[in-house]
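Report on one structure; see the data block that follows.
Nothing in this text is a laboratory measurement; each read-out follows from the coordinates by a stated rule. Keep in mind that this is a model prediction, so the values were computed, not measured. No Cβ is skipped: glycine too gets one built from the backbone with ideal geometry, and neighbour counts run over all protein chains shown.
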Amino acid sequence: MTKKKDIANRTDVKLLVDTFYEKIRAHETLGPIFNSIITDWDAHLILLTDFWETQLFLKRKYYGNPVTAHQEVETKTKGTITSEHFGLWLNDWHETIDELFDGEIAWIAKNRAQKMSTMLFLKMFEHRENHNK
């Protein structure tokens, strides 16, 4: 059995992002949500690769605001995103990392996703609460 390598560079991040979102696009529950919101997948995958490269290697490639982006998703989906959706996303993220990589940066990618998913869901929920008053 060949030992998996760690996430080491942008090429690895791109492989992770592309492989993961290929699964998400086909996912029974998550696919329809993502596919209804993302109109240009090629551009979105570049953006997500920039985001994760920034997160994992502290190379400033991503200049967006994930909180605002997810609050816009909250509005577009009319408050139907639940913690279960985030759990499904996170499970597939971990599974994809485990399929492709092993090492410290792979662990960091899982850990950051876990923390971000919690924070982003809370920010979406706050947005929902503030707009339903």
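For the stretch 98-114, what does the Karplus curve 6.51 cos²θ - 1.76 cosθ + 1.60, with θ = phi - 60°, yield as ³J(HN,Hα) per residue in whole Hz, taken in order and with x for Gly and Pro?
Going residue by residue, I get 5, 5, 9, 9, 8, x, 5, 5, 4, 4, 4, 4, 5, 4, 5, 4, 4 Hz, with x marking Gly and Pro.
Once the dipole of the stretch 10-131 is set up with Lys and Arg at +1 and Asp and Glu at -1 on Cβ about the Cα centre, which of 122, 39, 26 lies farthest towards its positive end?
So the residue we want is 122.
Could you give the dipole magnitude of the chain about its Cα centre, charging the beta-carbon of Lys and Arg +1 and that of Asp and Glu -1, in debye to the nearest 20?
Value, rounded to 20: 380 debye.
Report P(r) for the chain: all Cα-Cα distances, bin width 10 Å, range 0 to the bin holding the largest distance, values in whole percent.
11, 42, 36, 9, 1, 0
Rounded to the nearest 20 Debye, what is the dipole magnitude of the stretch 77-133 about its Cα centre when Lys and Arg each give +1 and Asp and Glu each give -1 at the C-beta?
Once rounded to the nearest 20, the dipole reads 520 debye.
On alpha carbon coordinates alone, what is the Rg over Rh value for the stretch 65-133, Rh being the Kirkwood radius?
Radius of gyration relative to Kirkwood radius: 1.06.
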